[in-house]
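Undergrad: Please find one structure pasted underneath; my questions will follow.
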Amino acid sequence: MCTFSDLGSIFNEMIKKILHVFIFLLFAYSNSYADEDNTDITLYTGQFDITDDVGDDKTTLFGIEHRNTDLFRNTFLGKFSPVSGAFHTAKGSTYVYTGVEAKYSLGPLKIIPSFAPGYYEKGDGKDLGDVLEFKSELKIGFDISESSKIGYTYSHISNNDWGSTNPGADNQSITFSKKF
């Protein structure tokens, strides 16, 4: 007989496999359009839960994001694009997300706010209260060449009080983006 705990373990294993397939497809998809210069891949690293006063949940994070620049849309509110990505912390937490970002250019300076719901698995890291979490982010980027930029991001992840608890996590990272 299968218990709720068994179902949770099965579900978590299934999500891990989906994450691996997602990352594989992300790289396969980006390489398939390399000649068209329309794929933007961002790698980032930083600190998870920077505002944790106790310090037991602070840890490093590593992530990847993808955007297809063919999907950018100019609107009266700015230039919008879908964004997808994932990060993993040194304590085994994983967050896989997809959402929308806006891009505002001031010469070589880019201001990029984004919002992305996603799946969060705590691993041995911080319990954010639910598997459905929402990431709000502000990225400041600088063009270092026509196809590359570096940046700084500050993000907040929380579940909007939909989970059993909602401690949230504030994160910061350094980013490197490259068009392929």
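The numbers here are math on the coordinates, done by the rules we state, and not lab data. Quantities reported herein were computed from a predicted structural model and do not represent experimental measurements. Cβ coordinates were reconstructed from backbone atoms using ideal geometry, including for glycine residues, and neighbour counts include every protein chain displayed.
Undergrad: Could you give me the ³J(HN,Hα) list for the range 160-173, computed from phi with Karplus coefficients 6.51, -1.76, 1.60 and θ = phi - 60°, whole Hz, x at Gly and Pro?
TA: Ordered by residue, 3J(HN,Hα) equals 6, 6, 7, x, 5, 9, 9, x, x, 8, 9, 9, 9, 7 Hz.
Undergrad: Enumerate the amide H contacts of LEU128 below 5 Å, restricted to partners 5 or more residues apart or on another chain; note that Pro and chain-start residues carry no placed amide H.
TA: Under 5 Å from the amide H of LEU128: no residue qualifies.
Undergrad: What net charge is computed for the residues neighbouring GLY151, neighbours being all others with C-beta under 15 Å from the C-beta of GLY151, Lys and Arg scored +1, Asp and Glu -1?
TA: Spelling it out: positives minus negatives among the neighbours equals +2.
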